[in-house]
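Written out below as structure tokens is the structure these notes cover.
The values are calculated or read from the model by the stated rules, or taken from the named source; none is laboratory data. This one's a predicted model, so the numbers in the text were calculated from it and none came from an experiment. Don't worry about glycine lacking a Cβ; one is built from the backbone with ideal geometry, like all the others, and counts go over all protein chains shown. With ligands, DNA and RNA removed, areas are computed over all heavy atoms of the protein, side chains included. Shrake-Rupley method; radii C 1.70, N 1.55, O 1.52, S 1.80 Å.
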Amino acid sequence: MNEKPDYQSMSLKPTIRPSDKDGAADRIRDNQARRPFSLNLSAKLLLLTIIFVMLSEIFVFVPSVAKFRNDWLTDRLTRALTVLLMTEEQGTGIQRSAEESLAMQQRIEAAIRSFDVVTLANRHSGRRQLVAMLDGNPGPMAANFDVSKTGPLQSIRDAFGTLLANEPRTIVITGSPPGSNQMIEVLALEAPLRAAMLTYTRNVMILSLIISVSTAAMVYLTLTMLFVRPIKQMADNMVSFSRSPEENRAIIQPSGRADEIGIAEERLAAMQKDLQGTLASQRHLANLGLAVSKINHDLRNILASVQLFSDRLTALPDPDVQKFAPKLIAGIDRAISYCESTLVYGSAKEEPPKRKLMRLDAMVKELALLLDLEDHPRIEWRNGVATGLEIDADPEQIFRVLMNLARNAIKAMDTMEGDALVRRLSIDAGADAHIVRIVISDSGPGVPERARRHLFEPFRGSISKGGTGLGLAIANEIITAHGGTIRLCEDQAPGATFEITLPHKPTRSA
Ligand SMILES: Nc1ncnc2c1ncn2[C@@H]1O[C@H](COP(=O)(O)OP(=O)(O)OP(=O)(O)O)[C@@H](O)[C@H]1O
Ligand SMILES: [Mg+2]
């Protein structure tokens, strides 16, 4: 009788527009189309690595070019010392032939020319003694560079002065060559120094470029393999998941890495699984809602036609028919009004209670009649509602609540096997100044632990075959709308006891 409808096989399905489904993927594609020239992550990495390596090379280049210049200047002083020693040897009193003297003079000049020196002087006790001088125009004079006294910052400044000099200059180099305390002053052309520095700069630049490109390539490959590719895979997976979230293979397969990317993959997979579960239950609920609407619609039509015939029953003279026909008609009327007022559960709430003053004992009696409890062959029935107890509530809704609770109790006791077992159902009710308390109690097997966890949640409380899990959820919603409470009593007594409390308005007694 209470067969669970086969919702899955029903043809009426909620329509999910493809635009809804593909919305996220489309938006991602649109965003990408809007930024056609933007660099992707790998290209940015490549560019940034080249820039940073070049920058660090510049930091290394600046002091090194200054050192290169200092070395060049020191080298000139060293060579000057050699020439100085040669001239000193020439000046000793040793007798030489004219050829020998000429040859020595030529050697000295050749040595001076070999290192682009114009004049060479020996400084001694603050006095300057010219040692050698070549012919030629020395050009405009630049500053005097004292190699031994120049600090690192000044060296850098001087080096850039040389590199950026736009006309040939002559410089004075003073200082002692390494390993000697002889003070020497050399007047030299700057052009060879500048040429050497430019060659050095070019070589450093070429080397830097090679280093930065090869470093960038290595960093790029490593980062691409380690980060960019997994991130791109995750992004692609998100797009394909948003296109077809219901497919199992759309869920990302975590790579098992122990780092942050591995953790992100695992979290994404867990989130996608959750989302898939939620989507499945949403779809199920949507199907169910449509199925209920359809059933509701057709059931109301069938009942309406049955109502036409049942009306005629009252005209029959049979006393039994006269006795039962009004109840049958009332039941059908009630069913039709349920169908008309019930909307899809979940998308529409129960209507707000239409409160009326009603007699609860009479309603419980009517319920017992409808469920055939008065002369039930196996169940002992007791209506324990205080006679004449009046409550202010929606009669149709309270009737449905009691009907659901009583049917649950009957259904539970039907599962008990054995004629000797006691099957007892009672509804008791009483009121004090503020509260009406209604207790529905049975001697059945009790509510199973598994059902208790989500007892009053729609579609979740049911564990019984053929149950939908809506009965107690409906009861809870109605009672809550009345400002009352419903609960399962957690006592150790056998069977199940539900307690309903409703706010009690004092009524004017007759
Ligand atoms: N009096 C009771 N005795 C034992 N178990 C009960 C009793 N009342 C409720 N239950 C348990 O609680 C579950 C939820 O009840 P509920 O009325 O919400 O759903 P249902 O009866 O399974 O389906 P339906 O929507 O048709 O009422 C039942 O499946 C049953 O296992
Ligand atoms: Mg039920």
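Of the residues G331, T199, I261, the one whose Cα sits farthest toward the positive end of the charge dipole of the chain, with +1 on the Cβ of Lys and Arg and -1 on the Cβ of Asp and Glu, is T199. The GluC sites (Glu not before Pro) found in segment 160-260 that occupy coil by DSSP, while having at most 15 further C-beta atoms within 10 Å, are E246, E247.
Return one number: the angle in degrees, 0 to 90 and rounded to the nearest 10, between the long axis of the Cα atoms of helix 260-313 and the longest principal axis of the Cα atoms of the chain. Helix 260-313 and the main axis of the chain meet at about 20 degrees. In summary, the aspartates and glutamates within cross-link reach of K232, defined as a Cα separation below 12 angstrom excluding same-chain residues under 8 places away, comprise E265. One chain, two ends: A433 and S255. Fully extended at 0.36 nm per residue, the span grows by 57.4 nm beyond their Cα-Cα distance.
About its Cα centre, segment 356-503 has a charge dipole of approximately 420 debye under the convention of +1 per Lys or Arg Cβ and -1 per Asp or Glu Cβ, with nothing else charged. Sorted from greatest to least, the principal axis extents spanned by the alpha carbons of the chain come out as 170, 48, 47 Å. Using C-alpha pairs under 8 Å with a sequence gap of at least 6, the mean separation divided by the residue count of segment 41-207 gives a relative contact order of 28 percent.
What segment 41-207 shows is 58 Å² of accessible area per residue, with the surface traced by a 1.4 Å probe over protein heavy atoms. When each of the peptides 420-427, 211-218 is scored by how many other beta carbons lie within 10 Å of its residues on average, the order from highest to lowest is 420-427, 211-218. Seen against the Cα atoms of the chain and their longest principal axis, helix 471-481 is set at about 90 degrees. Within straight-line reach of K356, meaning a Cα separation under 12 Å, sit the following aspartates and glutamates at least 8 residues removed in sequence or on another chain: E390, D392, D394, E396. Relative to the longest principal axis of the chain, what angle (0 to 90°, nearest 10) does the C-alpha long axis of helix 23-34 take? Its long axis makes an angle of about 20 degrees.
Among L402, G388, P445, flag the residue with its Cα farthest along the positive direction of the charge dipole of segment 356-503, charges on Cβ as +1 for Lys/Arg and -1 for Asp/Glu. Farthest along the dipole direction, towards plus: P445. Surface composition of the chain: carbon and sulfur atoms hold 59% of the protein heavy-atom accessible area at a 1.4 Å probe. Report, in whole Å, the centroid distance computed from the Cα atoms of segment 219-256 and segment 458-499. After rounding, the separation between the Cα centres reads 46 Å. Between A217 and Q154, the contour length at 0.36 nm per residue exceeds the alpha carbon distance by 19.0 nm.
When the listed pairs K354/K505; K323/K354; K323/K411; K327/K354 are checked against a 19 Å cut-off, the alpha-carbon distance exceeds it for K323/K354; K323/K411; K327/K354. Compute the length gained on full extension between T480 and V422: take 0.36 nm times their separation in residues and subtract their Cα-Cα distance, giving the result in nm to one decimal. Difference between extended and current length: 17.6 nm.
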